[in-house]
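Structure first, commentary second.
Computed from the coordinates by the stated procedures, all read-outs in this text should not be read as laboratory data. Keep in mind the model is a prediction, meaning the values are calculated, not measured. Counting neighbours? That spans all protein chains shown, and the Cβs are built from the backbone with ideal geometry, glycine included.
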Amino acid sequence: MPTSPTTGEIAYRIDAALYLNLTNACTLHCRFCPKHNGDWEVKGHGLELDRGPTFEQVVAAISDLTPFREVVFCGLGEPTLRLGLMLRVARWLKEHEVTRVRLNTDGLANLIHHRDTTEEMAGLIDAVSVSLNAQDEATYIRHCAPSRPGAYAACKGFIRAATAHIPEVVATALDGLDGVDVEACRRIAETDLGARFRRRVYGKVG
Ligand code: SF4
């Protein structure tokens, strides 16, 4: 798939899904993130970008949508830091009859953009996977090192807000991280926030 003028892949395939890599920027500085150890590869795809792509570059990188059962906004960066681009691409995907558009996110978009961004995702994003990551703020801060205060509460607020506008909302946490109680995360997601929960395994991508 075309990569120019950035060096990393803007669009990359994993199994039957097409992933879109919009940025390398993050609000978090997760201790477990491979990019902080200089590893920018995910399943053989180099994701380090010289700069974030334009709408035209994203569309050019997609080339053919027919083999894919879903399109996912996900790279080694936070897609909602490029919210305008992400929503424009999502609208374009819907115009091209993509039935399932998923967002993998840190859940901090409402904190960063100072509004309920999940309303704007309605009808464009079909599923969202949110990295809850921890059962309490102290553990979250220890592993994710957010650059903004209030990030953990904001992440939970995003998950709750998303359930009103996005059909499938799944909170995730990594099993195997020191001090992370995955079952407590599940209870928060399912009982407090009205979302689904998925346990991920530390060291395993996807
Ligand atoms: S939010 Fe994702 S890409 Fe960003 S530092 Fe954390 S694990 Fe890495």
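Placing unit charges on each Cβ (+1 for Lys and Arg, -1 for Asp and Glu) gives the chain a dipole about its Cα centre, and among T7, Q57, G107 the Cα reaching farthest toward its positive end belongs to G107.
Coupling constants for region 9-17 follow from the phi torsions by the Karplus curve (6.51 cos²θ - 1.76 cosθ + 1.60, θ = phi - 60°), and in residue order they are 7, 7, 10, 9, 9, 10, 6, 9, 10 Hz; glycine and proline get x.
Rounded to the nearest 20 debye, the dipole magnitude of the chain is 140 debye, with +1 charges on Lys and Arg beta carbons, -1 on Asp and Glu beta carbons, and the Cα centre as origin. Angle of helix 151-162 to the longest C-alpha principal axis of the chain, folded into 0 to 90 degrees and rounded to 10: 70°. Springs between Cα atoms under 10 Å define the GNM used for the chain, and in it the highest mean-square fluctuation of K156, K94, K43 occurs at K43. Cysteines in the chain that lack a partner Cβ within the 4.7 Å cut-off: C26, C74, C144, C155, C185.
For E70, nonlocal amide neighbours, meaning residues 5 or more places apart or on other chains whose placed amide H falls under 5 Å from its own, are L18. Other residues lying with their Cβ under 12 Å from the Cβ of L124 contribute a combined charge of +1, Lys and Arg counting +1, Asp and Glu -1.
Reported to the nearest whole Å, the Cα centre-to-centre distance from region 23-93 to region 127-206 is 20. Comparing A134, G84, C185 along the charge dipole axis of region 47-189, the residue lying farthest to the positive side is G84, per the Cβ-charge model. Taking GluC sites (Glu not before Pro) across region 1-77, none is in a DSSP loop with at most 16 further Cβ atoms lying within 10 angstrom of its Cβ.
Relative intensity of region 11-201 on a log10 scale, I(q)/I(0) at q = 0.09, 0.11, 0.12, 0.13 Å⁻¹, equals -0.30, -0.46, -0.55, -0.66, per a Debye sum over C-alpha point scatterers of equal strength in the absence of solvent. Placing +1 on the Cβ of every Lys and Arg and -1 on the Cβ of every Asp and Glu, with nothing else charged, gives region 43-149 a dipole about its Cα centre of roughly 80 debye.
Here's the picture: charge each Lys and Arg Cβ at +1 and each Asp and Glu Cβ at -1 in the chain, and of A17, G38, H165 the one pushed furthest to the positive end of that dipole is H165. In terms of surrounding Cβ atoms within a 10 Å radius of their Cβ, F32, F55 rank from fewest to most as F55, F32.
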